[in-house]
């Protein structure tokens, strides 16, 4: 089914005013080794064109390489169609993918939407939509599916045309539509963007912060508008997308890449960590799973804890093999006003560990075992 093209409406109602030659559609790109996650990709182009190579196909190919099914959206454009019509296409696309989820081996609760520039605005409009079709307006069973993605990735997106000072009637404000029910959001922008200022992304982030919605924001200094995956920015890894790698880490932390079919669960952890027989001044204890699709568990420890650690189940590690890593960053806690150094170098300690339910951790270390950073 890979590279198959789906028309969003096989028999669109006359009210949709769809040009058959430019009808909205999804191009399906299936991962060879899927992890159950899917992403609808919305290319940018100012609601006038579609940058479907570097903001469509190439993004889909990259998503497939990490096990994610991808669906590139061709949505209706202006000036013939207002952005409210494009939003209808975004909503229908999410419903259509969910309708076929079982056939694709896709988890319908792990469907995201990634959009660039105007496509990012479209993704936001789709994700933040509160409108549901009235029962008497349903076209088919597809319309009964939820239209809202489970996570959102706006990349150098317009979020509020009025505050941008351009096309306020086309780029309706999205930051004001954020609520506590909005999906977790990973935001990307460039400081040097000469088309859409990075302040469009900070507007959105501020709204997500106020609403207590999980969010992560990256504004890179180097690069203008329309970078797509932005490969080549890392001289050591010229074929890697820097923001793409950060996105994968974020998705793992939010359990989006986890194969829920396996029904793995997080585990609470209690125990004791001592260095030279004493509590660690200040450090970070991390459970790093061998399975890269599982999230890292992490907890800060200080001398105030008197060597005891406690990680609640909701934030604990999943079962299975891990690297347990301790970074010690200070010999005292709390810090004093002297400004004196308490360590020559930060120290890192590591051991192997298989996490099992009900496990207690007892790790007694000697400074000589640590590696100076």
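Since every read-out is calculated from the coordinates, none of them should be taken as a lab result. Worth saying up front: this structure is predicted, and the values here are computed from it rather than measured. Every residue, glycine as well, gets a Cβ built from its backbone with ideal geometry; the counts of neighbours run over all protein chains shown.
Just a few scattered comments:
- D_trans [Stokes-Einstein, Kirkwood Rh over alpha-carbon pairs] for the stretch 147-266, 10 °C, 1.306 mPa s, µm² s⁻¹: 102 µm²/s
- For the pair residue 109 and residue 246, label points projected 7 Å from Cα toward Cβ lie 2.9 nm apart.
- CD proxy at 222 nm, helix term only [per DSSP H run n ≥ 4: -39500 (n - 2.57); per residue of the chain; nearest 500]: -5000 deg cm²/dmol
- Within the stretch 264-372, the percentage of alpha carbon pairs spaced more than 16 angstrom apart rounds to 57%.
- The stretch between residue 23 and residue 346 holds 110.4 nm of extra length on full extension. This uses 0.36 nm per residue minus the Cα-Cα distance.
- Whole-number percent relative contact order across the chain, with pairs defined as alpha carbons under 8 Å at least 6 apart: 11 percent
- If R0 is 45 Å, the Cβ-Cβ spacing of residue 180 and residue 368 corresponds to a FRET efficiency of close to 0.35.
- Max mean-square fluctuation residue, GNM over the chain, Cα-Cα springs under 10 Å, options 343, 174, 113: 343
- Comparing 97, 213, 325 in a Gaussian network model of the chain, where Cα atoms under 10 Å apart are tied by springs, the biggest mean-square fluctuation is seen for 325.
- Value in Å of the Kirkwood radius, where the stretch 309-373 supplies the Cα pairs that are averaged: 14.2 Å
- Residues in the stretch 183-209 that a label on residue 221 would reach, taking backbone N under 12 Å of a point 7 Å out along Cα→Cβ: 191-192
- log₁₀ of I(q)/I(0) at q = 0.12, 0.14, 0.19 Å⁻¹ - the stretch 153-217, Debye sum with one point per alpha carbon: -0.27, -0.36, -0.66
- Debye equation applied to the C-alpha atoms of the stretch 5-261, log10 I(q)/I(0) at 0.12 Å⁻¹: -0.65
- Relative compactness, the stretch 238-292, computed as alpha-carbon Rg over 2.2 N^0.38 Å: 1.63
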